[in-house]
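Structure first, then comments.
Read the figures in this text as sums done on the coordinates, not as results from a lab. The structure displayed is predicted, hence computed values, not measured ones. All Cβ positions, glycine included, derive from the backbone under ideal geometry; neighbour counts span all protein chains shown.
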Amino acid sequence: MEWLIVSLIIPLLIAGWVASDARRRGFSRNAIIGWFLGVWLILIVFLPLYLILRNRRKEEKEGKGPWVCPYCGRLYTEKTPFCPYCGHKLE
Ligand SMILES: [Zn+2]
């Protein structure tokens with residue numbers, strides 16, 4: 001009986017951590033519930049998946065291109081202090 005408790009409680013604790021981590025990262029309510037249940041029920045699959053995806057999401061938030069130059073309106077993909085097309089200084 002003990003192994004059953006352990007195999008339910010430990011994933012539940014990890015799922016709880018995943019849910020609070022996802023909330024801090026601004027995931028939607030549905031996404032948080034989905035990750036919570038996924039990690040709880042299929043820990044071995046969803047935990048590594050979450051750890052990969054949460055970092056990808058962070059990169060997006062920090063701003064991965066492409067960006068639009070406010071002066072000439074062209075797209076640029078490399079983070080650069082000057083527009084590669086018109087040479088204006090970018091923020
Ligand atoms: Zn430009």
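Out of the residues in the stretch 1-46 that are surrounded by 12 or more Cβ atoms within 10 Å (Cβ to Cβ) and not in a helix (DSSP H, G or I), state the one that is farthest from the chain's Cα centre (by Cα).
Here the residue is Ile42.
Specify which of the listed residues (Arg25, Arg56, Arg29) is of a type outside the set (Phe, Trp, Tyr) and more than 30 Å from Glu91 (Cα to Cα).
Numbers: Arg25 fails: more than 30 Å from Glu91 (Cα to Cα); Arg56 fails: more than 30 Å from Glu91 (Cα to Cα).
Just a single option satisfies the conditions, and that option is Arg29.
Just the residues that are assigned to a loop (DSSP other than H, G, I, E, B) and more than 8 Å from the ligand (Cβ to nearest atom), please, taken from the stretch 76-89.
Keep residues of the stretch 76-89 that are assigned to a loop (DSSP other than H, G, I, E, B), which gives 77-81, 83-88.
Those that are assigned to a loop (DSSP other than H, G, I, E, B) and more than 8 Å from the ligand (Cβ to nearest atom): Thr77, Glu78, Lys79, Thr80, Pro81.
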